[in-house]
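J.: Handing you this structure, nothing more for now.
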Amino acid sequence: MKRVLTIAGSDSGGGAGIQADLKAITLLGGFGMSAITALTAQNTVAVAAIHDLPLDFIAAQIDAVFTDIGVDAVKTGMLSKAEVVKLVASKIDQYKPPVVVVDPVMVAKSGDPLLAVEAQQTLAQFLLPLATLVTPNLPEASALVGWEVRDENDMHRAAEEIHEMGPTYVLVKGGHLHGEAVDLLFDGRQYHEFRATRVETKNVHGTGCTYGSAIATYLAQELDVIEAVAAAKRFITEAIRHGLALGQGHGPTNPYAAVRQEWKS
């Protein structure tokens with residue numbers, strides 16, 4: 001069983017963050033482990049409060065996992081502050097896990113910020129050069145490149161600019177566009193498109209967390225990047241299609257849906 005470490009924030013509502021990551025990793029056959037960077041008081045409507053954990057405690061969690069259990073893949077999510085980004089980057093550089101998937105989480109589905117503006121450039125400078133794959137959505141890609149990414153042509157240009165920041169692969173996610181849900185993978189030379197019929201639903205809380213964790217798990221299981229993204233795209237599409245109408249805002253995706261279909265077949 002492959003070992004996948006998620007370094008991210010906790011979502012008390014269970015739809016995103018560490019909770020969503022561990023659900024996806026487990027459902028796809030990985031052994032999920034966590035290093036929590038922040039605690040959030042969060043539900044489908046808002047992020048009511050954020051409590052950042054001390055840097056030494058974040059480091060202790062990461063050290064504890066690497067020095068005993070070992071890690072086949074790391075997936076990062078909410079890092080909240082520049083100091084946390086630098087710490088996580090230093091630990092990844094220290095232990096050099098074979099797979100690093102960076103989900104540059106910046107804003108919750110509710111619109112509440114999860115990464116300080118001044119930390120965005122820190123992420124680009126220190127963490128992206130260590131990434132096997134970075135998975136920005138359109139607002140995150142826009143923040144990284146410094147201009148608005150509005151359509152598929154912009155996605156190509158943004159992927160190229162983000163690739164210059166150092167990651168081996170860039171996956172620009174087009175979930176904020178209209179029409180087909182298209183994601184664009186760029187390896188510095190070639191583009192690969194992953195398309196799915198758009199599911200009209202508001203229950204998309206945790207989409208990015210679940211998608212990134214699925215990719216990390218598939219990469220840990222030694223699929224190549226194109227295969228891993230394709231498999232994760234199918235997984236997240238089913239999770240969105242069967243999203244859960246919980247709470248008064250954006251309900252969570254349902255990662256169990258794709259696995260349930262497999263068990264039935």
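The values are calculated or read from the model by the stated rules, or taken from the named source; none is laboratory data. Quick caveat: nothing in here was measured; it's all calculated off a predicted structure. When we count neighbours, we look across all protein chains shown, and the Cβ atoms used for this are built from the backbone with ideal geometry, even at glycine.
J.: Go through (1) at pLDDT below 95; (2) part of a helix (DSSP H, G or I) for Ala159 and report which single condition fails.
T.: (1)
J.: Within segment 69-80, is even one residue within 14 Å of Arg3 (Cα to Cα) and part of a helix (DSSP H, G or I)?
T.: Yes, the conditions are met somewhere in segment 69-80.
J.: Looking at Lys23, Lys2, Lys96, Lys109, which one is of a type outside the set (Asp, Glu), buried (at least 22 other Cβ atoms within 10 Å of the Cβ) and at pLDDT 95 or above?
T.: Working: Lys2 fails: buried (at least 22 other Cβ atoms within 10 Å of the Cβ); Lys96 fails: buried (at least 22 other Cβ atoms within 10 Å of the Cβ); Lys109 fails: at pLDDT 95 or above.
After ruling out the rest, the residue left standing is Lys23.
J.: Which count do you get for residues in segment 11-52 that are part of a strand (DSSP E or B) and either in contact (Cβ under 8 Å) with a residue 12 or more places away in the chain or touching a helix residue (DSSP H, G or I) at 6+ places or on another chain (Cβ under 6 Å) (or both)? Give the derivation first.
T.: Filtering segment 11-52 down to residues part of a strand (DSSP E or B) leaves 11, 31-42, 47-52.
If we keep only those that are either in contact (Cβ under 8 Å) with a residue 12 or more places away in the chain or touching a helix residue (DSSP H, G or I) at 6+ places or on another chain (Cβ under 6 Å) (or both) as well, we get 11, 31-42, 47, 50-52.
So the count comes out to 17.
J.: So is Ala116 surrounded by fewer than 20 Cβ atoms within 10 Å (Cβ to Cβ), within 18 Å of Gly77 (Cβ to Cβ) and small (Gly, Ala, Ser) or not? Before you say what the answer is, go through the steps one by one.
T.: Values: surrounded by fewer than 20 Cβ atoms within 10 Å (Cβ to Cβ): yes; within 18 Å of Gly77 (Cβ to Cβ): yes; small (Gly, Ala, Ser): yes.
Criteria met by Ala116.
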